[in-house]
Structures are given as C-alpha cells and as structure tokens.
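Asker: What follows is a single structure, and I will ask about it in a moment.
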Amino acid sequence: MFKSILFAIIFSTSLSFAQTIQDLIQPINLLQDQPTKVMISDLFYSDNYDVEFTSSKNVDVSYDNSTMEVSFTPKNDFSGLELISFKHNGEVYQVPVKLVKSQKYRDYESGLFEQIWPQAIKVINYKNSINAK
C-alpha cells in the first residue's frame, strides 16, 4: 500500500516537471519587406530552447541557436494571418504571425504615383512653379 502511494506521488510529480508550453503564444506583428527578429524566450518560457521551426508558404523562418533569435521574413505577396509550426521536446506548437500591408507612395518627380490625393498634387505643382522662377 505504502509503495503504491509513493509510486503515485513520484509519478505525478514527474509529470508536472515535463516541459510543455501551457500559455497562449501572442501573435507577432511582422514588418513589411524585411525580417522581424524575436527572442525565443519572448515567445514562451522553458528551461531549454532546443526548437525546430518549419517555414510556411507565406513566411520564411530561421532560428539561430547561439543568439536564440527567431527571424520571420514574409514573402512579398503575403498579407494576413499565418500559423508557424515549431517542435519543442517532441511536441508541435504554433506561433501566430500577422502582417497588414501598408500603402506605398512614390516620389512625385519620378512620376510614379500609386495613390495620391488631388489636393496634394495641387500643392506640389504650386511649389514646383515657385521653384522654377
């Protein structure tokens, strides 16, 4: 009887020491057209950070074990939410990442506008006419 109680106590404490991620991993806001670097310890807590990331079709992922940095690089046509899988202690987890593309504007002198307000064109034309005098 005593041995079975002792075995149950030891077994239950060994289960509680297993390193599993219990908390929700918050979404990472990606930078447009450049890598976003995050410390692995900012994603979750663990005694060891022996992880293996898997790139998705929309986001390339690399992990530097020496600096413990994860680099997320979105592909040019990606906008929205994506789940990035990684393996830690034999378990598969996912990190949510999101990217909201912002509108890009080009220089007036190049003549390459993607979007511009009519009032802005009037102001630029006015300034150019003053500079030309």
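The values are calculated or read from the model by the stated rules, or taken from the named source; none is laboratory data. Since the model is a prediction, treat every value here as computed from it, not as a measurement. Glycine also receives a Cβ, built like all others from the backbone with ideal geometry; neighbour counts cover every protein chain displayed.
Yes or no, residue by residue, for (1) among the β-branched types (Val, Ile, Thr); (2) under 20 Å from residue 27 (Cβ atoms):
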{"position": "45", "(1), (2)": "no, yes"}
{"position": "53", "(1), (2)": "no, yes"}
{"position": "64", "(1), (2)": "no, no"}
{"position": "74", "(1), (2)": "no, yes"}
{"position": "81", "(1), (2)": "no, yes"}
{"position": "90", "(1), (2)": "no, no"}
{"position": "95", "(1), (2)": "yes, yes"}
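Asker: Kindly indicate whether residue 60 is modelled with pLDDT of 80 or more, in contact with a Lys or Arg (Cβ under 8 Å, 6 or more places away or on another chain) and among the charged types (D, E, K, R).
Answerer: yes
Asker: Residue 25 versus (1) closer than 26 Å to residue 76 by Cβ; (2) in a loop (DSSP other than H, G, I, E, B); (3) at pLDDT 85 or above: which is the lone unmet condition?
Answerer: With (1) closer than 26 Å to residue 76 by Cβ; (2) in a loop (DSSP other than H, G, I, E, B); (3) at pLDDT 85 or above applied to residue 25, the lone miss is (3).
Asker: Scan segment 47-80 for residues that are in contact with a Leu (Cβ under 9 Å, 6 or more places away or on another chain) and loosely packed, with under 12 Cβ neighbours inside 10 Å and report the count.
Answerer: 1
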